Amino acid sequence: MNFDFTDEQKLFADSVRRFAQAHLAKDALKRAHDPRFPFDVAKLMSEQGLMGITIPEPDGGQGGTLMDAVIAIEQVAAVCPRSADVVQFGNFGPIRTFAEYGTAYQKKKWLAECLAGRMVMSLGMSEPEAGSAVTDLRTTAKPDGSSYIISGSKVFSTFSPDAAVFLVYVRYGPGVGGIGSVLVERSAPGFTIGPPQEFMSGEQWCELHFENCRIPAENVLLGPGGFKKQMASFNVERLGNTARALAFGRFCYERAREHASTRQQFGRPLAEFQGLQWKFADMAIALEGAQLLLYRAAANADKGLPSAYETAVAKAACNQVGFNAAHESVQIMGAAGYSRSSLVEYCMRRCRGWMIAGGSVEMLKNRIAEHVFDRRFDQRAPKPKSSEAAE
Ligand SMILES: Cc1cc2nc3c(=O)[nH]c(=O)nc-3n(C[C@H](O)[C@H](O)[C@H](O)COP(=O)(O)OP(=O)(O)OC[C@H]3O[C@@H](n4cnc5c(N)ncnc54)[C@H](O)[C@@H]3O)c2cc1C
């Protein structure tokens, strides 16, 4: 067992860090407070080979590993947290499911544009009545000649104000086996996008409404029975959330460490107060432990797809550790950390969201408990027995 990066990984990490320092450091604060997708950064990253790191070369990607993509997210986040969202989009988000299962026609139409940083894709999974219980989704896709008719609504989709194409989870028929996904263009007839609404983080999302929205049959990504495949690649998206949560926590820890080394109170640096030293010690223990769980999930990814269990353990740990580190860093930096002129409060707000997004910490713990007891725990209310139902 080796806990160090390989020489290639070290070289790659160095090159991404140098790129980020040269191109992304300058406007990091401004970018954090701009809710729109930073297409300028995406184009730069595309030129640098940071989009499609894990996507095969014939599809226009870099043919690298999931670990490479994690390294990229960490190095970018350490310099410009907001730009790490672009690494997420280009490597971990719906683009990953799309690249995995898309047809040649679909990839030709959308993948190259996304990898060039000219187009962004959004994931329409959550619905007003289907959040954690995602398999309760009601948005339907019905065949009609050479088209499909989509009806339903989606909420909370990241990048929805800027996305040109949406990967939408739909129901072709009843049950989990009836779920699959389609690609819907922003201009599709019957598709309306509500005004932007804002998360605590300042990120924007729009309600998506499909009213007899007609799409060509070529836009079907996964037909009935596609749900398991969607979830397998969704573990990659989860790992991107995991990596950003940890990287944002570490970003705050580093800012707090610099602050505590230089800021003087009572005639001495803050770092000399034991009450603060122990906060740093606790953060260091937690950050390093969570980092190993993240790297294990990424390094063990089979054919680029991490295991559900290792992803759940890593995400639950990194979400909590990242948020705690950001939260403690705000405290250590006092009003300077709480101020919007510091990126620390921004990172704290972002980390809070990842405890909910992409599988909440509670849902991940449910998954982990199933592994612990080697059995499935159905979260649904038991169905009434036929005698009770008749009463
Ligand atoms: C920053 C952010 C970005 C997002 N981006 C997207 C996106 O791009 N696309 C998209 O489709 N959706 C997106 N979402 C939505 C996200 O997927 C949902 O918020 C998530 O699935 C939880 O659903 P919910 O918010 O409806 O909460 P609910 O499911 O209503 O849950 C509420 C609370 O109850 C807990 N809970 C629910 N069921 C159980 C259970 N069985 N056991 C224990 N606790 C339980 C949850 O953990 C949570 O704390 C995003 C959300 C956030 C915050």
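Length available on full extension from E211 to K383: 0.36 nm per residue minus the Cα-Cα distance, which gives 58.7 nm. Using 0.36 nm per residue and subtracting the Cα-Cα separation, the extra length available between E258 and N300 on full extension is 11.7 nm.
Note on the chain: Cα-Cα pairs beyond 39 Å make up 18% of the total pair count.
Share of carbon and sulfur in the accessible area of region 17-66 stands at 47%, probe radius 1.4 Å. From its DSSP helices (H runs of at least four residues, each -39,500 (n - 2.57)), the chain gives a residue-normalised ellipticity at 222 nm of -15500 deg cm²/dmol. Dividing the convex hull volume of the alpha carbon atoms of region 111-247 by its residue count gives 120 Å³ per residue.
In a simple Cβ point-charge model (Lys, Arg +1; Asp, Glu -1; nothing else charged), region 187-335 has a dipole of about 300 debye relative to its Cα centre.
Between K10 and K108, the modelled labels are 4.5 nm apart [label points 7 Å from Cα along Cα→Cβ]. Rounded to the nearest 20, the Cβ-based charge dipole of the chain about its Cα centre (Lys and Arg +1, Asp and Glu -1) stands at 260 debye. Where both bridge residues fall in the chain, DSSP classifies roughly 85% of the beta bridges as antiparallel.
Would you mind classifying region 1-94 by shape? Square roots of the alpha carbon gyration tensor eigenvalues, ordered a ≥ b ≥ c; an a/c under 1.5 is rounded, otherwise it is prolate if a/b is larger than b/c and oblate if not.
It is oblate, given that a/c is not under 1.5 and a/b is not larger than b/c.
Per residue, the accessible area of the chain comes to 47 Å² when a 1.4 Å probe rolls over the protein heavy atoms.
A crude spin-label estimate for the pair A369 and E218, with each label 7 Å from Cα along the Cβ direction, gives 4.8 nm. Positive end of the dipole of the chain (Cβ unit charges, origin at the Cα centre): among W205, A281, A217, the Cα lying farthest that way belongs to W205.
The values are calculated or read from the model by the stated rules, or taken from the named source; none is laboratory data. These numbers come from a predicted model, not from an experiment. Cβ: placed from backbone, ideal geometry, glycine included. Neighbour counts: every protein chain shown. Heavy atoms of the whole protein, side chains included, go into the accessibility calculation; ligands, DNA and RNA do not. Shrake-Rupley method; radii C 1.70, N 1.55, O 1.52, S 1.80 Å.
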